[in-house]
1. Here are the criteria: (1) polar (S, T, N, Q); (2) at pLDDT below 95; (3) touching a Pro at 6+ places or on another chain (Cβ under 9 Å). Tell me which single one Thr409 does not satisfy.
2. Scan region 112-151 for residues that are over 42 Å from the mean Cα position of the chain (by Cα), surrounded by 17 or more Cβ atoms within 10 Å (Cβ to Cβ) and within 15 Å of Asp188 (Cβ to Cβ) and report the count.
3. Please work out if Arg268 is modelled with pLDDT of 95 or more and out of contact with any helix residue (DSSP H, G or I) (no Cβ under 6 Å at 6 or more places or on another chain).
4. May I ask you to list pairs of residues, at least six apart or on different chains, whose Cβ atoms are under 6 Å apart, with the first in region 346-370 being small (Gly, Ala, Ser) and the second being in a helix (DSSP H, G or I) and open to solvent by less than 40 Å² (accessible area, probe 1.4 Å)?
5. Could you please let me know if Phe303 is in a helix (DSSP H, G or I) and closer than 23 Å to Ile175 by Cα?
6. Name the single residue that is surrounded by the fewest Cβ atoms within 10 Å (Cβ to Cβ) among those in region 48-70 being assigned to a helix (DSSP H, G or I) and in contact with a Ser or Thr (Cβ under 6 Å, 6 or more places away or on another chain).
7. Wholly within region 339-447, which helices (runs of 4 or more DSSP H) include no fewer than the required count, namely at least 2 residues that are among the aromatic types (Phe, Trp, Tyr)?
Amino acid sequence: MAERKVRVRFAPSPTGALHIGGVRTALYNYLFARKHGGEFIFRIEDTDSNRFVPGAEEYIIESFRWLGINFDEGVSFGGSHGPYRQSERRGIYKEYVRQLLDGGKAYIAFDTPEELEAKRKETDNFQYDAHTRMQMRNSLTMTKEEVDRLIADGYQYVVRFLIEPGKAVHVDDLIRGDVRIMSDILDDKVLYKSADELPTYHLANIVDDHLMEVTHVIRGEEWLPSAPLHVLLYEAFGWTDTMPRFAHLPLLLKPEGKGKLSKRDGDRLGFPVFPLEWHDPKTGDVSAGFRESGYFPEAVINFLAFLGWNPGTEREIYSLEELVSLFDISKCGKAGARFDYQKGMWFNHEYILRKSAGEIAEAFAPIVREHGIDEPIERITAVVAMMKDRVSFVSELWPLCSFFFVAPTEYDEKTRKKRWKEDSADVMTELADVLSGLDDFSVENQESVVERWIESKEYKLGNIMNAWRLTLVGEGKGPGMFDISAFLGKDETIARMKRAIEVLG
Ligand code: GLU
């Protein structure tokens, strides 16, 4: 058989915000597609109308746009295998349901929900399968005339997959190897419901993967139990030659390491589990997003790429292009990956270190303006250059840097007690005189002049610098004193010192 072009898909159901595990699934599909020069499809699996949530599809598209994960085909991207929204493919599925019925691979069942419930009560662990199907109301136990009459009379029915017992089913998984189960444990899954004229997930998923020429199905571990059924469906349709290879990704675990990561873990520990902020249209609840929490898309990608896979090196910072070239699906782990959100913050910090002060200043400028400060971008950039290496998020800059833009009006009590001595007012007055005599207020010039003055007076450098810091900053934090004074300029520096001398006495 000729090598087929690699085609993978991300196929979310629009049932709400996209969980971060779904983002990782999409990322791995993207990396795999790009690595193998293949194509990446975006399909919307919306056959369960009860679970449809308005806005979810747009949310998902916007999430990937923000992350820089691009699709080649699909809903909102176009392509030659569409439509890509399953609710627009009803006619196609009907045809394939018919094919299974005609081939004796599926059958029609009329059992009402009440009848099924009664059966479940009567029989422990009731399962609709080879052992029970002949006791039920279906096209295997009724005559063709009866079946046709019920349909003509408008009775609702479902189409069930006829699973033959006693068969070993193999799922060839790129991560888990050969996963084997016996067909006996499977039930005759519902493939189609007449009530809404829609297929269920299983049928639509297989038909679409086939028609869209999908070569690899890379998805979360929660779908592994469905995989044997999917293999049997490929066989029933006679599509085994083009059956995709499977890869079921490891679960994302709670930060503590036990149990599946949930939204509640995020609420509990204060981290987002969604790419973008999500406003639930039903409950009105707002859930935090990585974007709104100040994460860089590159950092999120880098973080997620390492949840279940790594290139086997010591290095941890990789661009999306580098990840593409290194990615190897067979190196994914089987064991769950702990969602260490602090590692996510660490990644963000690493990206702050690597980004230029100018780039960070662009993101910080709106925050500065929000505080009513009108400084040119060059000045904001200068502050960012001094301070950015200390933070993990741009939002952390303001509390750390506000003193550059706003003169202190109060002086931290603790620092004052510790740093403001008997003679501080006099010494600071002297220092202000020294500084006001300078024409060149550069860091270097201030430094050499002030140091000479300290030496000649036999003052203690530490005492001077600590008191001086209190006058300019209002507390004991900040970068080097000469960096601060050079940024403020001579007039502002001296004004702040005079005010402090007055207040602190
Ligand atoms: N619609 C399924 C989901 O929401 C797709 C699972 C699969 O990839 O087969 O994840």
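The values are calculated or read from the model by the stated rules, or taken from the named source; none is laboratory data. Worth saying up front: this structure is predicted, and the values here are computed from it rather than measured. Here Cβ is always computed from backbone atoms with ideal geometry, including for glycine, and neighbour counts include all displayed protein chains. These accessible areas exclude ligands, DNA and RNA; they are computed on the full protein's heavy atoms, side chains included. Shrake-Rupley method; radii C 1.70, N 1.55, O 1.52, S 1.80 Å.
1. (3)
2. 6
3. no
4. Here the result reads Ala357/Thr381; Ala357/Val384; Gly358/Thr381; Ala361/Ile380; Ala361/Thr381; Ala361/Val384; Ala363/Val394; Ala365/Ile380, each pair linking region 346-370 to a residue that is in a helix (DSSP H, G or I) and open to solvent by less than 40 Å² (accessible area, probe 1.4 Å).
5. For Phe303, the condition - in a helix (DSSP H, G or I) and closer than 23 Å to Ile175 by Cα - is met.
6. Once the filter is applied, the top-ranked residue is Arg51.
7. Of the helices (runs of 4 or more DSSP H) lying wholly inside region 339-447, those with at least 2 residues that are among the aromatic types (Phe, Trp, Tyr) span 341-354, 397-405.
Listed here are the residues, each with its yes/no results for (1) part of a helix (DSSP H, G or I); (2) open to solvent by 40 Å² or more (accessible area, probe 1.4 Å); (3) within 12 Å of the ligand (Cβ to nearest atom); (4) touching a Cys at 6+ places or on another chain (Cβ under 8 Å).
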| position | (1), (2), (3), (4) |
| --- | --- |
| Leu27 | yes, no, no, no |
| Gly37 | no, yes, no, no |
| Ile41 | no, no, yes, no |
| Asp46 | no, no, yes, no |
| Pro83 | no, yes, no, no |
| Ile108 | no, no, no, no |
